[in-house]
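A.B. asks: Shown below is the structure under consideration.
Nothing in this text is a laboratory measurement; each read-out follows from the coordinates by a stated rule. Computed from a prediction, not measured in an experiment: that's the story for all the values here. Heads up, the Cβs are rebuilt from the backbone with ideal geometry, glycines too, and the neighbour counts pull from every protein chain shown.
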Amino acid sequence: MSIGHAPTKKVFLKTYGCQMNVYDSERMSEALAVDGYASTETMEDADLIILNTCHIRERAADKVYSELGRIRDIKDERAALGKTTTVTIAGCVAQAEGEEMTRRAPAVDLVIGPQSYHHLPKLIARNHADGKSIVETQFPDDDKFKELPERRRTLATAAFLTVQEGCDKFCTFCVVPYTRGAEYSRPVAQILSEARKLVSHGVREITLLGQNVNGYHGVDTHGKDMTLGGLVRELATIDGLERIRYMTSHPRDMGDDLIAAHRDIDKLMPFLHLPFQAGSDRILAAMNRKHTAAEFVSLVDRVRLARPDIALSTDIIVGFPGETEGEFQATLEIVKTVHFASAYSFKFSARPGTPAASMDGQLSEDVKDDRLKRLQDLLMQQQRTFNAACVGKTFPVLFEKAGRYAGQLIGRSPYLQSVHADADMSAIGKILPVEIASVGPNSLAGVVKSL
Ligand code: 5AD
Ligand code: SF4
């Protein structure tokens with residue numbers, strides 16, 4: 001392994017969107033650290049600026065172009081001082097826009113899709129050598145994960161680990177199958193080795209990531225297929241790894257062995273993010289979700305049978321083309337039946353190139369706003385109810401970082417809630433029992449109990 005250069009250059013990296021982008025950004029900065037780049041929070045100081053972009057909902061590309069206006073000015077100011085600034089657009093907007101990006105924004109030097117991050121240092125060097133902008137949005141054959149440098153020491157106690165990329169589901173509203181490509185699962189051995197490395201650096205909790213993570217089917221060391229349930233069981237044997245989570249899942253891929261893992265594996269946290277998107281079967285079919293409302297509810301019942309205390313979270317879209325008020329009511333009904341601990345809800349946003357963008361019956365923003373508000377009121381009420389029921393209970397809390405006030409730390413409950421408690425800095429990285437005393441809308445507060 002390369003021992004790397006002492007940092008001589010600075011990189012500013014801004015991440016938009018999902019956790020998969022957060023993970024990718026970490027891997028990019030680790031690759032760049034080997035190449036002599038230290039991180040900076042100040043764009044004006046940066047020799048290299050990277051925007052790791054998201055394309056999932058509207059105006060993502062517009063936001064990037066407006067940020068590029070500011071970056072162009074910084075690039076010009078630095079050039080006047082004799083300094084070069086390499087501007088890189090990564091992520092899903094890069095993948096979707098490609099060449100268009102360098103045409104519309106000549107300040108951009110490098111456009112790089114998510115499958116090519118292991119080539120980043122090489123591509124920057126090429127741009128420095130000939131000054132020509134580069135667009136790299138192919139899906140190369142080589143294995144990005146094998147090529148990227150090993151995980152470095154971080155101060156974090158909780159880390160992300162991408163185990164699966166891409167999506168073959170083709171929900172009619174979604175850009176992911178186009179920007180992230182076909183489903184790919186990393187081999188089990190590679191994941192276990194990365195997990196062990198993270199644990200050796202002090203990580204206690206790992207969240208396995210994938211656009212369709214429970215569709216995971218990687219090869220094990222015997223060349224056989226392994227499911228996510230199997231992978232969780234393997235990871236659970238790693239000493240020092242205390243907590244395992246995963247996201248995001250599709251209801252169709254929620255296999256029996258994964259449900260059984262929730263029953264059997266203590267290290268697998270009682271939290272499940274399971275998007276259902278809409279409550280009407282007609283809309284679900286138009287979305288190409290491949291499940292009905294009743295199937296979703298019965299799946300939730302099976303998961304709860306295996307792990308009665310599991311906290312459920314979901315994604316919901318309102319205002320899909322043609323959605324009637326009655327069909328929207330069906331979405332509210334599912335929420336009322338299931339009771340979610342938390343949820344993300346969105347107005348339908350027409351994404352160019354997806355089938356739903358050109359469907360009849362596009363709804364007005366007013367209708368979408370109204371439905372979103374009614375849905376969010378209900379979801380907020382459920383989140384408060386879930387949190388309020390925690391008062392008086394004692395949870396194991398993994399402390400992650402200092403809180404806003406002196407002497408206060410922030411950690412996470414098994415149900416992914418933020419928990420504030422007074423504790424010594426030495427508690428960071430430890431799991432301690434905390435009795436919950438009060439709740440806010442988005443967090444809990446409690447007292448560390450003596451062991
Ligand atoms: N419009 C609105 N929401 C969307 N999502 C994905 N695509 C769209 C879209 N075109 C939401 C889905 C998905 C989450 C990550 O983003 O709910 O689960
Ligand atoms: Fe997009 Fe998720 Fe549907 Fe895949 S399963 S197309 S990532 S919403």
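A.B. asks: Modelling each spin label as a point 7 Å along the Cα-to-Cβ direction, I'd like the Asp257/Asp301 distance in nm, to one decimal.
C.D. replies: 2.6 nm
A.B. asks: Next question. Length gain on complete extension for the stretch His128 to His222, per 0.36 nm per residue less the alpha carbon to alpha carbon distance?
C.D. replies: The His128-His222 span can extend by a further 29.4 nm.
A.B. asks: Can you list the HN-Hα couplings for region 64-75, worked out from phi with the Karplus curve (6.51, -1.76, 1.60; θ = phi - 60°), rounded to whole Hz and with x for Gly and Pro?
C.D. replies: 5, 5, 6, 4, 5, x, 5, 5, 4, 4, 5, 4
A.B. asks: Among Gln211, Thr162, Thr394, which residue has its Cα furthest toward the positive end of the charge dipole of the chain, with +1 on Lys/Arg Cβ and -1 on Asp/Glu Cβ?
C.D. replies: Of the options given, the answer is Thr394.
A.B. asks: Something else about it: Can you give me the long-range amide H partners of Lys430? Hydrogens built in the peptide plane at 1.01 Å from N, cutoff under 5 Å, separation of 5 or more residues or another chain.
C.D. replies: Phe399
A.B. asks: Taking 1 over the mean of 1/r across every pair of different Cα atoms in region 394-448, what Kirkwood radius in Å do you get?
C.D. replies: Evaluated over region 394-448, this radius sits at 10.5 Å.
A.B. asks: Which ordering of Lys75, Lys449 is given by a fewest-first count of other beta-carbon atoms within 10 Å?
C.D. replies: So the ranking, lowest neighbour count to highest, is Lys449, Lys75.
A.B. asks: In nm, give the distance between the simple-model label positions of Ala389 and Arg103, each being 7 Å from the Cα along the Cα-to-Cβ direction.
C.D. replies: Result for the modelled spin labels: 5.5 nm.
A.B. asks: Can you give me the P(r) profile for region 144-388? Cα pairs, bins 5 angstrom wide beginning at 0, each as a whole percent.
C.D. replies: 1, 6, 13, 16, 17, 16, 13, 9, 6, 3, 0, 0
A.B. asks: Another one. Using the Cα centre of the chain as the reference point, and only Cβ charges (+1 on K/R, -1 on D/E), how large is the resulting charge dipole? Debye, rounded to the nearest 20.
C.D. replies: Result for the chain is approximately 700 debye, rounded to the nearest 20.
A.B. asks: Now for a separate question. Looking at the chain from every direction and averaging, what is the projected area of its Cα convex hull in nm²?
C.D. replies: 22.9 nm²
A.B. asks: Grab the Cα-Cα distance for Ser200 and Asp143, subtract it from 0.36 nm times how many residues apart they are, and report the gain in nm with one decimal.
C.D. replies: In short, 18.1 nm is gained.
A.B. asks: Another question, then. Work out, step by step, the length gained on full extension between Ser193 and Asp239: first 0.36 nm times the residue separation, then minus their alpha carbon distance; give nm to one decimal.
C.D. replies: 15.3 nm
A.B. asks: Sequence neighbours fewer than 8 away in the same chain don't count; with that in mind, list the aspartates and glutamates whose C-alpha is under 13 Å from Lys336.
C.D. replies: Here the aspartates and glutamates satisfying the reach criterion relative to Lys336 are Asp377.
A.B. asks: Using DSSP to define loop residues, name the trypsin sites (Lys or Arg not before Pro) in region 92-199 whose beta-carbon has at most 12 other beta-carbon atoms within 10 Å.
C.D. replies: In loop regions of region 92-199 (DSSP not H, G, I, E or B), the sparsely surrounded trypsin sites (Lys or Arg not before Pro) are Lys132, Arg153.
A.B. asks: Just want the ordering: Tyr117, Tyr65, Tyr344, from fewest to most Cβ atoms lying within 10 Å of their own Cβ.
C.D. replies: Tyr344, Tyr65, Tyr117
A.B. asks: Pop the C-beta distance of Glu333 and Ala79 into the FRET formula with R0 = 56 Å and round what comes out to the nearest 0.05.
C.D. replies: 0.40
A.B. asks: Taking amide hydrogens as modeled 1.01 Å from N in the peptide plane, which residues meet the under 5 Å criterion relative to Leu13, leaving out close sequence neighbours?
C.D. replies: Sorted by chain and number, the residues that satisfy this are Thr40, Ile50.
A.B. asks: Can you count the Lys pairs in region 9-136 whose Cα atoms are under 24 Å apart, with each pair 8 or more apart or on different chains?
C.D. replies: 21
A.B. asks: Per the Cauchy relation, a quarter of the hull surface: what is the mean projected area of the convex hull of the alpha carbons in region 9-136, in nm²?
C.D. replies: Reported value for the Cα convex hull: 6.9 nm².
A.B. asks: While we're here: Run down the lysines and flag those whose C-alpha is under 22 Å from the C-alpha of Lys169, throwing out any fewer than 8 positions away in its chain.
C.D. replies: Qualifying lysines at Cα under 22 Å: Lys290, Lys347.
A.B. asks: I've got another one for you. Tell me, what HN-Hα J-couplings in whole Hz come from the Karplus equation 6.51 cos²θ - 1.76 cosθ + 1.60 at θ = phi - 60° for each residue of region 7-18, using x for Gly and Pro?
C.D. replies: Coupling constants for region 7-18: x, 10, 10, 10, 10, 10, 10, 10, 10, 10, x, 7 Hz.
A.B. asks: For Gly181, enumerate residues with amide H under 5 Å from its amide H, sequence gap 5+ or separate chain, H modeled in the peptide plane.
C.D. replies: Placed amide hydrogens put Cys167 under 5 Å from Gly181.
A.B. asks: For region 152-176 and region 282-310, what is the separation of their Cα centres, given in Å?
C.D. replies: Value for the Cα centre distance between the two parts: 22 Å.
A.B. asks: Could you give each residue of region 367-381 its phi-based ³J(HN,Hα) in whole Hz, using Karplus coefficients 6.51, -1.76, 1.60 with θ = phi - 60°, and x for Gly or Pro?
C.D. replies: After applying 6.51 cos²θ - 1.76 cosθ + 1.60, I find 4, 5, 4, 4, 5, 4, 5, 5, 5, 5, 4, 5, 5, 5, 4 Hz.
A.B. asks: Now a separate question. In the P(r) worked out for region 313-451, what percent of Cα pairs fall beyond 17 Å?
C.D. replies: That fraction is 65 percent.
A.B. asks: Now for a separate question. Going highest first, how would you order 204-211, 300-307 by mean Cβ packing within 10 Å?
C.D. replies: Ranking the peptides 204-211, 300-307 by packing returns 204-211, 300-307.
A.B. asks: Let me check against my output: what whole-number percent is the relative contact order of region 9-136, with C-alpha pairs under 8 Å and at least 6 apart?
C.D. replies: With pairs under 8 Å counted, the relative contact order is 23 percent.
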